[in-house]
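The values are calculated or read from the model by the stated rules, or taken from the named source; none is laboratory data. Since we're looking at a predicted model, the values are computed, not measured. Using ideal geometry, Cβ is built from the backbone for each residue, glycine included, and neighbour counts are taken over all protein chains shown. Ligands, DNA and RNA are stripped out before the accessible areas are found, and what is left, the full protein with its side chains, is counted by its heavy atoms. Shrake-Rupley method; radii C 1.70, N 1.55, O 1.52, S 1.80 Å.
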Amino acid sequence: MTSVEAAAPPTSKRGLWAWVLGCAAGAALVLLAVGRTWVSVAFGGAHDTVELTGAELAPAAQTLALAALAAIVAVLATRGLWRRLIGAVVALCGAGVAALTLLGLGDGTAVELALRRRPLAAAEAVPPASAGVWAYLAAAGGLVLVVAGVVAVARGARWPGMSDRYERQAPEASRARDDRSMWEAMDRGDDPTA
């Protein structure tokens, strides 16, 4: 173990990797849920049902989840203020996913999209739309991303960076003396390795 690895407390490494797993899980949950049926709209009977996916009701949710996945790599590669800014971006991506999910489920958006698919059904009574569990799972994934972003803003400065093991530590006095004495021995014509 190098002195740099020893300098980073193990809890900060665990915190970083727990954050990475949490953020990846939130983004993966959103990506999984976006491709599934969020709302079913029944016209006249069970046989005439229009199913709408998350990609139709909240098309930008997938993009925000992918941005959060990319932010994981950015958090690993940066430190300080940049890491906090990226954490804020992750939180905003999660808030955007949650907001888009609620907007996609509310205000008759699903019924309006279903009526576009069944234009002849517009003369009928407006059918009820039943939301499925995938929409709520997408919103939950968005909330996980919000929490992950806030944690990165609050604690990201304590996490080790990717380049920590390669950065040079302050030279120790004894090592500096040894290096200097070796050069002085060579200047005198002595073999310092003997």
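Amide hydrogen proximity for T53: with H placed 1.01 Å from N in the peptide plane, the residues at 5 or more positions away or on another chain lying under 5 Å are W38. In this simple spin-label approximation, R117 and S130 carry label points 7 Å from Cα along the Cα→Cβ vector, and these lie 1.5 nm apart.
With K and R counted +1 and D and E -1, the other residues having a Cβ less than 13 Å from that of G35 yield a net charge of -1.
Of the residues S12, S181, S40, ranked by 1.4 Å probe accessible area with the largest first, the sequence reads S181, S40, S12. In order along the range 91-103, the phi-based Karplus estimate (6.51 cos²θ - 1.76 cosθ + 1.60, θ = phi - 60°) of 3J(HN,Hα) comes to 4, 5, 4, x, 5, x, 4, 4, 5, 5, 5, 5, 5 Hz; Gly and Pro are listed as x. With the whole protein complex present, W183 retains an accessible surface near 150 Å², based on a 1.4 Å probe. Taking 7 Å steps out from each Cα toward its Cβ at D191 and D179 produces label points 2.5 nm apart.
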